[in-house]
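The values are calculated or read from the model by the stated rules, or taken from the named source; none is laboratory data. These figures come from a predicted structure and were not determined experimentally. Glycine gets a Cβ as well: all are built from the backbone with ideal geometry, and neighbour counts include every protein chain shown. SASA here: full protein model, heavy atoms, side chains in, ligands and nucleic acids out. Shrake-Rupley method; radii C 1.70, N 1.55, O 1.52, S 1.80 Å.
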Amino acid sequence: MTHPPRHEPASPRDLVGIGIGPCNLSLAALAHPLAELDAVFYEQRPGFDWHPGLLIEGATIQVPYLADLVTLADPTSPWSFLNYLRARERLFPFYFAERFHIQRAEYDAYCRWVAEALPGLRFRHQVDAVRWNPERDVFEVDHTQLDAEGEAEALGRTYTRNIVLGIGTAPYVPDPLKPLVDAPGVPVVHAADYLDHRDAVLAAGHVTVVGSGQSGAEVFLDLLRHRPAGREKLHWIGRTEAFAPMEYSKLGLEHFTPDYTRYFHALAEPVRDRLVAAQWQLHKGIDAGTLAAIHDELYRRTVNGGWPDAVLTPGVRVRTAGRIATTKIELHLEHLQQDSRSRLTTDAVVLATGYRDRPLDRLLAGLDPYIRRDSSERPRIDEQFRLVLDPSVTGAVHVQNAELHTHGVGAPDLGLAAWRSATILNSLTGKEPYPLPSRTAFTSFGLEEPADRVPQARQPKRLTPLVDER
Ligand SMILES: Cc1cc2nc3c(=O)[nH]c(=O)nc-3n(C[C@H](O)[C@H](O)[C@H](O)COP(=O)(O)OP(=O)(O)OC[C@H]3O[C@@H](n4cnc5c(N)ncnc54)[C@H](O)[C@@H]3O)c2cc1C
């Protein structure tokens, strides 16, 4: 089926959003009151669905509920989490629940409430390509409408002046483990699909969880809680040197502020790359509450004597992996500090091996000649989260949660989603529908700031010299 059979309205849209995860849903919610902005958002999935495979009972999001889709940009918005509770007559129960970190399932339910009520969201629409049409000075967005089975039903093309890419991340499986994924017989699942396969994994004689991040910890805890005491038969391995806590000190969290994002963006590229690698504990560690719950559960299982049959080993890399007959898996392990090797036979594997940004380049192939790139061939992205394009392109392509290399660790953080969306809308409208704070952190990142960056309010007073020393 080739493009184009059906065209959207002839007059171009002001904005097409591609992908409706939390980031572009935040943008859609904040764009909603801007009547002059003609926007439409496309999502390939049938509805809003936030990490369904990991909505484990009791698992919470790692940011406070104020990091909803809108509040940190506009606390008066009708699309806030508190207004959702009011609409659901659950404000008083929430008030007494005194929960600053809500359950992941509740965050998903809140976002669904917004996605089901907001106009201009088109689900079952997969965007296939984006290109620039210099004759009409617009972008062309080709999309496929999918039927209930996910099969292509109709093709379409939308013309738009601007685009916001919010295509998020996809589960990642490291090469040594790839051979395991497709072979039938023994459950090998990425953590993203854990709940769909939980029963099969729990039924396995021995289970190995690979990956020492938040998902790995949550899956290990869930398995531990569901395995008989003394016969847990669990291994949890990860490459990091420790099952380390996520940075959560109040000053440490100031790395997730607009101030730090601006500071980071102004740094030299090699410095940015070094920092992203060094700051893994800011966004890749394990929530301290989950670590405590794991220790509590292990401790509880020693009360009647004996130790749980659960082996937790950090600093271990899976060199290769293979199947033994059709019922077992053998992991060839390497301990990075000991420089030792061993083999682990197991009956099921949960790959908590993380996520990677969905590649922009496939969607933007048609724009490639216009995209300016850095020394690592990554798209350059300016302070307003806009791709740096050839000046002949008069429209803008903004990105959400694809700018780790230019804006730092805040890129995937839900706490910065509303501020980023507001920044993009202020840039797109050329106005300031959402006045944003000039200061957001007690830490002053960096020594001097170029004069133009220090907002009037923070300009140091021009001190007239008291006595002329010269
Ligand atoms: C399990 C998990 C838990 C997390 N918990 C937290 C947390 O507690 N706090 C926090 O700050 N961050 C958290 N994060 C990080 C981050 O906030 C989330 O990954 C968040 O989902 C990112 O939102 P997004 O909108 O950028 O991307 P996604 O949620 O990945 O959404 C992108 C959407 O784009 C759609 N899409 C992609 N390509 C196309 C296309 N070509 N056409 C149409 N649609 C397309 C996808 O189907 C998807 O729905 C978590 C991440 C994971 C994986």
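Below are the figures for this structure:
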quantity: So GLU232, is it away from the ligand (no atom under 13 Å from the Cβ), touching a residue at least 60 places away in the same chain (Cβ under 8 Å) and part of a loop (DSSP other than H, G, I, E, B); calculated: yes
quantity: Strands (runs of 3 or more DSSP E) fully within the stretch 285-368 counting 1 or more residues that are free of Cβ contacts under 8 Å to residues at least 40 places away in the same chain, of a type in the set (D, E, K, R) and in contact with a Lys or Arg (Cβ under 8 Å, 6 or more places away or on another chain); calculated: 328-335, 340-346
quantity: Residue selected from the stretch 180-193 under the condition in contact with a Ser or Thr (Cβ under 8 Å, 6 or more places away or on another chain) and not aliphatic (A, V, I, L, M), by the criterion farthest from GLN384 (Cα to Cα); calculated: GLY185
quantity: Checking LEU85 against (1) more than 20 Å from the chain's Cα centre (by Cα); (2) more than 12 Å from the ligand (Cβ to nearest atom); (3) under 16 Å from CYS23 (Cα atoms), the condition it does not meet; calculated: (3)
quantity: Residue list for the stretch 31-47, filter: of a type in the set (A, V, I, L, M) and either more than 14 Å from the ligand (Cβ to nearest atom) or under 15 Å from the mean Cα position of the chain (by Cα) (or both); calculated: ALA31, LEU34, ALA35, LEU37, ALA39
quantity: Scope the stretch 405-428; condition open to solvent by 10 Å² or more (accessible area, probe 1.4 Å) and either on the phi > 0 side of the Ramachandran plot or among the aromatic types (Phe, Trp, Tyr) (or both); matching residues; calculated: TRP419
quantity: Leading residue by the ranking (nearest to ARG99 (Cα to Cα)) among those in the stretch 50-71 that are away from the ligand (no atom under 12 Å from the Cβ) and crowded, with 18+ Cβ neighbours inside 10 Å; calculated: THR71
quantity: Of all residues in the stretch 1-34 being among the hydrophobic types (A, V, I, L, M, F, W, C) and at pLDDT below 95, the one that is farthest from GLU140 (Cα to Cα); calculated: MET1
